[in-house]
Amino acid sequence: MDAPLPFTCPYCDAEILIPGDVWKYSCSHCGKKLDVDSQFAYLRGLDAFKEAQDIYQKINPKKLRQFLAEERDALDIFMQAYSSLQLAFKADLEENQRMLAVEMMSSMSQEFSKRMMVSPLETQYWNSLMVEHTAQNEYDGLKIKLSKPATGPLAWVRRWRWNSRQKQLLRSLEKLDLKLDSLEKEIEFTDPPKARNKTWKP
């Protein structure tokens, strides 16, 4: 039997030990089910992304056009992060993990696209997911504002603006949903990544 692996549950932050020979595991503290492969792929991707970012930040921006050895190293590590996060998205991630992973994939796909390392469709997909995530967050923020009592002489104006913006966001989100469905079909994912927040509701 493989030795247990120390792990921090992404749902409750409890320190747990996961048996080394299991694919699925339920946290002994909060009971949430964890996909072990997905969780460790996410952590590998996060670590690689941070490592590549550190390398990039140390390169003089004026020298980036010269395609230095350091930049090649950073791109190689970014590609490792990209591959790891693709594996992570084969299962459902905790919501904060999902959001951060989408941000990382969007950022990396844009860099890769400049060098024709990924297809334009793939870049569009991750960028659209990022836009969807931002729009959902803005809608949720407006929902909180509208749930509070209106105060002040111009309160009705603010509420009208917030309601109008919510309607605008919903129209945009409907279009994004169709666009993402279309991109998933065009890209022909073997297993479409579980990167979208399917539980979100207005």
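Read-outs throughout are calculated quantities, based only on the coordinates presented, and are distinct from any laboratory measurement. Predicted model, so just to flag it, every value in this text is computed and none were measured. Cβ sites come from the backbone with ideal geometry, for glycine too, and all protein chains shown count toward neighbours.
Some points to look at:
- Backbone HN-Hα couplings from phi across the range 96-108 [Karplus 6.51/-1.76/1.60, Hz, Gly and Pro as x]: 5, 5, 4, 5, 5, 5, 4, 4, 5, 5, 5, 5, 5
- Residue pairs, from the table K114/K194; K33/K145; K90/K143; K58/K90; K143/K179, whose Cα atoms sit over 29 Å apart: K33/K145; K90/K143; K58/K90
- As a proxy for reagent exposure, ranking W162, W156 by other Cβ atoms within 10 Å from fewest up yields W156, W162.
- DSSP-assigned coil residues among GluC sites (Glu not before Pro) in the range 168-200, each with at most 10 further Cβ atoms within 10 Å: E188
- Sites listed here are chymotrypsin sites (Phe, Trp or Tyr not before Pro) in the range 3-64 whose DSSP assignment is loop and whose Cβ has at most 13 other Cβ atoms within 10 Å: W23.
- Gyration tensor verdict on the chain (Cα atoms; rounded if a/c is under 1.5, prolate if a/b is larger than b/c, oblate otherwise): oblate
- Taking amide H atoms as placed 1.01 Å from N in the peptide plane, the amide H of L5 lies under 5 Å from those of I18, G20, each 5 or more residues away in sequence or on another chain.
- For the chain, the longest piece that avoids every one of the trypsin sites (Lys or Arg not before Pro) found in DSSP loops with at most 11 other C-beta atoms within 10 Å covers 116-197.
- Nearest 10 degrees, 0 to 90: helix 155-187 Cα axis against the chain principal axis: 40 degrees
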